[in-house]
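> Quick one: the structure is below, and I'll ask about it shortly.
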Amino acid sequence: MDWVNAIIQGILLGGLYALFAAGLSLIFGVMRLVNIAHGDLIVLAAFLGLTVTTALGINPLLSIVIVAPVMGLIGYALQRLVLNRTLGDDILPPLLVTFGLSVIIQNGLLEIYSADPQKMSAGAIETASVGLPGGLNLGILPLIMFVTAVVIIGALQWVFYRSAWGRAFRATSDNQDIAQLMGLNKSHVFGLAMALSLVVVAVAGIFLGVRTSFDPAAGPGRLIFGFEAVIIGGLGNLWGTLAGGIILGVSQNIGAQINPGWQLLAGHIAFLVILAVRPRGLFPRIDG
C-alpha cells in the first residue's frame with residue numbers, strides 16, 4: 001500500500017506541476033516564446049499572495065481573486081511594452097530579455113522581502129484528509145490543487161479551440177502577417193495570451209505558497225519542473241502538459257519511496273528517458 005500511496009500522491013503533485021507548466025505551454029503555443037522568467041513570475045505571484053493575505057487577513061486561497069487580475073495586468077503590460085519588441089525569427093532576444101527579467105524579479109523580491117523562506121497558512125484544510133480503502137488517506141488540499149489544474153487546463157483548451165480569443169490566438173500563431181491583414185492586432189493578441197498565462201501563474205503561485213515554503217531564489221526550480229512537464233507532454237498540447245506533470249510527480253514520489261534522496265533525481269531521469277524515446281513528447285500538438 002505504500003507504493004500505491006506514493007503513486008496517488010504523485011498524481012496529485014502532478015496537478016501542481018501542470019499548473020506550473022500550463023501558462024508556459026500556452027505562451028509557446030501562441031507565440032513560440034520560451035519564457036525563462038516563468039518560474040520567477042510564479043514566485044512573484046506567491047509573494048503577492050502573501051502580501052494580500054497579510055494585509056487583509058484572509059485565507060490565501062481567497063487571495064487568488066485579487067492576485068490573478070493583478071498578474072493578468074502585469075502580463076499584458078509586460079508583453080505589450082517589452083516582449084513584443086523582441087519577437088521575430090531570432091529566438092535569442094526573447095531568451096536574453098526574459099533571462100534579464102528573471103534576474104530583476106529575483107533581486108527585487110530579495111530587496112523587498114529578504115532571503116528568508118516564507119509560507120502561507122491555509123488553516124485546517126492543509127491537514128484535512130479523506131480516508132480510502134486500505135488505510136490510505138487523500139489530502140483535501142492536494143485534491144483541490146489537482147481538480148483546479150484539470151478545470152483550468154480544460155478551460156484553456158476550450159478558450160484555445162472553441163472561442164473567438166482562441167481563433168485569434170491560433171490565426172496569429174499560424175501566420176502573423178495574414179492575421180494582421182484580416183484585422184487582428186498581433187500585439188494585442190499576444191498581450192492577451194500573456195495575460196491569460198499569468199492568470200494561471202497566479203493560481204500556481206498561491207498553491208505553491210500554501211503547499212511549501214518559498215523564497216526569491218525559488219523560481220528556477222519551478223521553471224525546470226514546468227519545462228519538463230511541457231516537454232514530456234508535447235509542446236503546445238495542454239492535456240499533454242497535465243499528463244507530463246502527472247508523470248513527473250509520480251516519478252518523483254516513486255524515487256522518494258525507494259530512497260528519499262532520489263526524489264528529484266527520479267523525476268529528471270524520467271524526463272530524460274522520455275526525451276530520448278520521444279523527442280517531441282508523448283502527445284502531438286492539437287490542431288483545430
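> With springs connecting C-alpha atoms under 10 Å apart, model the chain as a Gaussian network and identify which of PRO142, PRO260, PRO69 has the largest mean-square fluctuation.
Checking each option, the largest mean-square fluctuation is seen for PRO260.
> Taking springs between alpha-carbon atoms closer than 10 angstrom, which of GLY255, GLY267, GLY108 fluctuates most in the Gaussian network model of the chain?
GLY108
> In addition: Order the peptides 97-105, 110-118 from the highest to the lowest mean number of other Cβ atoms within 10 Å of their residues.
Final packing ranking: 97-105, 110-118.
> May I pose another question? To one decimal place, what Kirkwood hydrodynamic radius in Å is obtained for the stretch 15-151 from all pairs of distinct Cα atoms?
Radius from the Kirkwood sum: 17.1 Å.
> Determine the gain in length on full extension of the stretch VAL130-ASN175; use 0.36 nm per residue of separation and subtract their C-alpha separation, reporting nm with one decimal.
This chain segment gains 11.3 nm when fully extended.
> Using only the alpha-carbon atoms, what does the stretch 160-235 span along each of its principal axes? Please give whole angstrom values in decreasing order.
Taking max minus min along each principal axis of the Cα atoms, the stretch 160-235 gives 48, 23, 23 Å.
> Rounded if a/c is under 1.5, else prolate if a/b beats b/c, else oblate: with a ≥ b ≥ c from the C-alpha gyration tensor eigenvalues square-rooted, which is the stretch 189-272?
oblate
> Quick one: Debye curve from the C-alpha atoms of the chain, no solvent, what's log10 I(q)/I(0) at q = 0.09, 0.11, 0.16 Å⁻¹?
Scattering profile of the chain, log10 relative to I(0): -0.42, -0.63, -1.32.
> Now, a different point. For the stretch 1-159, what's the relative contact order in percent, using C-alpha pairs closer than 8 Å and at least 6 residues apart?
Rounded, it is 33 percent for the stretch 1-159.
> Would you mind computing, in nm to one decimal, how far apart the modelled labels at THR86 and ILE58 are, each placed 7 Å from Cα along Cα→Cβ?
In this crude label model, THR86 to ILE58 measures out at 3.2 nm.
> List the residues whose amide H sits under 5 Å from the amide H of LEU136, counting only those 5 or more places along or on another chain, with H placed 1.01 Å from N in the peptide plane.
Under 5 Å from the amide H of LEU136 lies no amide H from a residue far enough along the sequence or on another chain.
> Nothing charged except the Cβ atoms of Lys and Arg (+1) and of Asp and Glu (-1): what's the magnitude of the dipole of the stretch 140-288 about its Cα centre? Round to the nearest 20 debye.
In total the dipole reaches around 180 debye.
> Give the distance, in whole Å, between the Cα centre of the stretch 96-172 and the Cα centre of the stretch 211-288.
Going from one Cα centre to the other spans 15 Å.
> With +1 on each Lys and Arg Cβ and -1 on each Asp and Glu Cβ, how big is the dipole of the chain about its Cα centre, in debye rounded to the nearest 20?
Charge dipole, the chain, about its Cα centre: 540 debye, nearest 20.
> Right, another one. Regarding the stretch 1-70, what's the average projected area of the Cα-atom convex hull, expressed in nm²?
6.6 nm²
> Now, a different point. From the helices alone, meaning DSSP H stretches of at least four residues, give me the mean residue ellipticity at 222 nm for the chain, per-run term -39500 (n - 2.57), in deg cm²/dmol to the nearest 500.
-24500 deg cm²/dmol
Every number here is computed from the coordinates shown, using simple stated rules; none is lab data. Everything quoted here is computed from the prediction, not taken from an experiment. So basically every Cβ, Gly included, is an ideal-geometry build from the backbone, and we count neighbours across all protein chains shown.
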